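Only one structure is covered here, and it is reproduced in the block below.
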Amino acid sequence: MDTSAARAAIFGRIRKAQQRPVEPTAAELDQVQTYLASNTSGPQPDIGTDLVHRFRTQAERTSQTIDEVATMREAPAAAARYLDSIGVARSAIAWETLSDIPWNESGLHVEFRPPVNEDMVGITSCFCAVAETGTLMLLSGAQTYASAALLPETHIVLVPTSRILRSIEDAFDLAKKERGELPRATNFISGPSRTGDIEQTIVLGAHGPYRVHLILVRDN
């Protein structure tokens with residue numbers, strides 16, 4: 001049984017025990033929307049007005065490396081420079097939504113498909129980024145496969161600066177506004193995967209990429 005079917009089965013048993021119909025009624029859905037609209041977020045810290053600077057600072061604190069370009073067309077050259085600097089071949093898989101970018105002009109071989117075990121580099125964009133914590137929000141979809149950010153050892157992320165928001169709450173509000181509901185997989189990424197399970201020593205790349213490199217695109 002896949003995750004969606006298992007979740008539906010659990011919710012179905014709960015609703016049956018409550019003597020409710022299998023599917024939520026229109027009245028129940030309206031009640032949920034009313035509740036969400038009437039409950040505002042709590043107090044938030046003052047992080048200043050320069051969200052790009054705050055995001056950069058917090059991202060660097062979580063071991064993310066950063067480059068910055070003026071336009072999306074400059075992103076391939078930045079990606080090539082980064083891969084050369086770490087001694088990794090200029091070969092990657094990427095989201096299909098990035099297929100219009102001229103990667104080959106910078107000597108990059110990019111295939112637009114989900115990764116397999118042999119793929120060392122994954123290139124994605126993000127739904128938005130959170131300045132408060134230096135976090136990326138990625139939403140899965142047919143062309144934005146979650147595995148591209150999780151399986152390859154090196155994850156390169158194109159981050160439009162216009163999509164840098166103040167807080168996690170703002171990120172969820174934007175997703176609700178633009179998507180209506182969250183997709184099957186919503187991932188928040190704050191740097192390379194890490195663990196401190198062994199002698200309380202932080203080890204990077206334990207459960208995902210060893211490296212997360214951000215290319216900020218000044219598109220606003």
Item to complete: May I ask you to list the residues in region 68-89 that are buried (at least 17 other Cβ atoms within 10 Å of the Cβ) and not hydrophobic (A, V, I, L, M, F, W, C)?
Response: Glu74, Pro76, Tyr82
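Examine region 123-134 for a residue that is within 30 Å of Glu169 (Cβ to Cβ), in the same structural domain as Glu181 (by TED's automatic domain parsing), touching a Cys at 6+ places or on another chain (Cβ under 7 Å) and surrounded by 22 or more Cβ atoms within 10 Å (Cβ to Cβ), and state whether such a residue exists. Write out each step before concluding.
So the first thing to find is which residues in region 123-134 are within 30 Å of Glu169 (Cβ to Cβ), and the list is 123-134.
Subset that is in the same structural domain as Glu181 (by TED's automatic domain parsing): 123-134.
Those still in the list that are touching a Cys at 6+ places or on another chain (Cβ under 7 Å) too: none.
Within region 123-134, none of the residues are within 30 Å of Glu169 (Cβ to Cβ), in the same structural domain as Glu181 (by TED's automatic domain parsing), touching a Cys at 6+ places or on another chain (Cβ under 7 Å) and surrounded by 22 or more Cβ atoms within 10 Å (Cβ to Cβ).
Could we say that Arg7 is more than 17 Å from Val212 (Cβ to Cβ), modelled with pLDDT under 95 and under 25 Å from the mean Cα position of the chain (by Cα) here? Spell out the reasoning first.
Numbers: more than 17 Å from Val212 (Cβ to Cβ): yes; modelled with pLDDT under 95: yes; under 25 Å from the mean Cα position of the chain (by Cα): yes.
Criteria met by Arg7.
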Response to the item:
How many residues of region 168-178 are exposed (fewer than 13 other Cβ atoms within 10 Å of the Cβ) and either of a type in the set (Gly, Ala, Ser) or over 15 Å from Ala37 (Cβ atoms) (or both)? The answer is 1
Discussion item. So Thr40 passes all but one of these: (1) of a type in the set (Val, Ile, Thr); (2) touching a residue at least 12 places away in the same chain (Cβ under 8 Å); (3) out of contact with any Pro (no Cβ under 8 Å at 6 or more places or on another chain). Which condition number does it fail?
Written reply: (2)
Fill in: Members of region 28-84 that are closer than 30 Å to Gly208 by Cα, among the β-branched types (Val, Ile, Thr) and assigned to a helix (DSSP H, G or I)
Val52, Thr57
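State the number of residues belonging to region 179-215 that are touching a Pro at 6+ places or on another chain (Cβ under 8 Å) and modelled with pLDDT of 85 or more. I'd like the intermediate steps shown before the answer.
Restricting attention to region 179-215, the residues satisfying the condition of being touching a Pro at 6+ places or on another chain (Cβ under 8 Å) are 192-193, 204-205, 208-212.
From what is left, the residues that are modelled with pLDDT of 85 or more are 192, 209-212.
Summing the residues that are touching a Pro at 6+ places or on another chain (Cβ under 8 Å) and modelled with pLDDT of 85 or more in region 179-215 gives 5.
Name the residue, out of Ile156, Ile101, that is assigned by TED's automatic domain parsing to the domain that holds Val212 and closer than 18 Å to Pro209 by Cβ. Show your work before the answer.
Numbers: Ile101 fails: closer than 18 Å to Pro209 by Cβ.
Within the list Ile156, Ile101, the selection yields Ile156.
Please find, within region 34-55, the residue that is surrounded by the fewest Cβ atoms within 10 Å (Cβ to Cβ) out of those that are modelled with pLDDT of 95 or more and more than 16 Å from the chain's Cα centre (by Cα). Explain how you work it out, then say what you get.
Residues of region 34-55 that are modelled with pLDDT of 95 or more, as a first pass: 50-55.
So of that shortlist, the ones also more than 16 Å from the chain's Cα centre (by Cα) come out as 50-54.
Details: Asp50: 11, Leu51: 18, Val52: 17, His53: 13, Arg54: 19.
Looking at the filtered set, the residue picked out is Asp50.
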Discussion item. Cβ-Cβ distance below 6 Å, separation of 6 or more or different chains: which pairs start in region 132-150 with a residue that is closer than 9 Å to Ala185 by Cβ and end on one that is of a type in the set (Val, Ile, Thr) and surrounded by fewer than 18 Cβ atoms within 10 Å (Cβ to Cβ)?
Written reply: Leu139/Thr186
Worksheet item: In region 19-56, which residues are over 30 Å from Arg7 (Cα atoms) and among the β-branched types (Val, Ile, Thr)?
Response: Ile47, Thr49, Val52
Discussion item. Name the single residue that is farthest from the chain's Cα centre (by Cα) among those in region 90-105 being small (Gly, Ala, Ser) and surrounded by fewer than 15 Cβ atoms within 10 Å (Cβ to Cβ).
Written reply: Ser91
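The values are calculated or read from the model by the stated rules, or taken from the named source; none is laboratory data. Model, not experiment: these values are computed from the prediction. Cβ sites come from the backbone with ideal geometry, for glycine too, and all protein chains shown count toward neighbours.
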